[in-house]
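The structure appears right after this line, and notes come after that.
Derivation of every value follows stated rules applied to the coordinates shown; laboratory data play no part. Just so it is clear, the structure is predicted and the values come from calculations on it, not from any experiment. Neighbour counts are summed over all protein chains in view; Cβ atoms, including those assigned to glycine, are modelled from backbone coordinates with ideal geometry.
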Amino acid sequence: MPFTYILFSEKLNKYYVGACTNIQSRLYEHNIGHSTFKKTGLPWKLVYSEEYDSLPDAKMREKQIKKMKSRKYIEDIIENGIASRL
């Protein structure tokens with residue numbers, strides 16, 4: 001099933017928002033450092049996920065979260081489980 005997910009790096013004190021079809025595999029990829037940014041934040045911890053019927057829906061939600069450009073918005077999602085059904 002497709003997911004929108006939020007990861008957190010304690011080392012960087014930053015969140016990462018993404019979308020994928022296999023959340024366990026994607027988390028593994030993040031934690032082996034597939035990019036410079038992800039490598040600097042190791043280890044990444046999954047702090048939130050939402051399941052969707054299709055990958056385009058999950059990607060739309062990812063873009064919606066990123067568009068807000070707000071750490072507070074992300075933390076509200078994590079704390080309150082605010083899922084948006086598209």
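Could you list, in sequence order, all residues of the range 37-48 that are surrounded by fewer than 17 Cβ atoms within 10 Å (Cβ to Cβ) and not in a helix (DSSP H, G or I)? Passing the criteria: L42, P43, K45, L46, V47. I32 meets the conditions (1) farther than 17 Å from G81 by Cβ; (2) surrounded by 12 or more Cβ atoms within 10 Å (Cβ to Cβ) in every case but one. The failed one is (2). Scanning the range 1-29 for residues that are loosely packed, with under 12 Cβ neighbours inside 10 Å and small (G, A, S) returns a single hit, S25.
Within the range 58-74, the set of residues being of a type in the set (A, V, I, L, M), farther than 20 Å from N22 by Cα and over 11 Å from the mean Cα position of the chain (by Cα) comprises M68 only. Looking across the range 49-69, just one residue is crowded, with 16+ Cβ neighbours inside 10 Å and in a loop (DSSP other than H, G, I, E, B), and that is Y52. Summed over the range 1-36, the residues that are outside any loop (DSSP other than H, G, I, E, B) and free of Cβ contacts under 8 Å to residues at least 12 places away in the same chain give a count of 5. For the range 26-50, the set of residues classified as within 12 Å of the chain's Cα centre (by Cα) and not β-branched (V, I, T) consists of R26, L27, H30, W44, K45, L46, Y48, S49, E50, listed by residue number. Among the candidates K14, K39, the residue that is of a type in the set (K, R) and closer than 21 Å to I77 by Cβ is uniquely K14.
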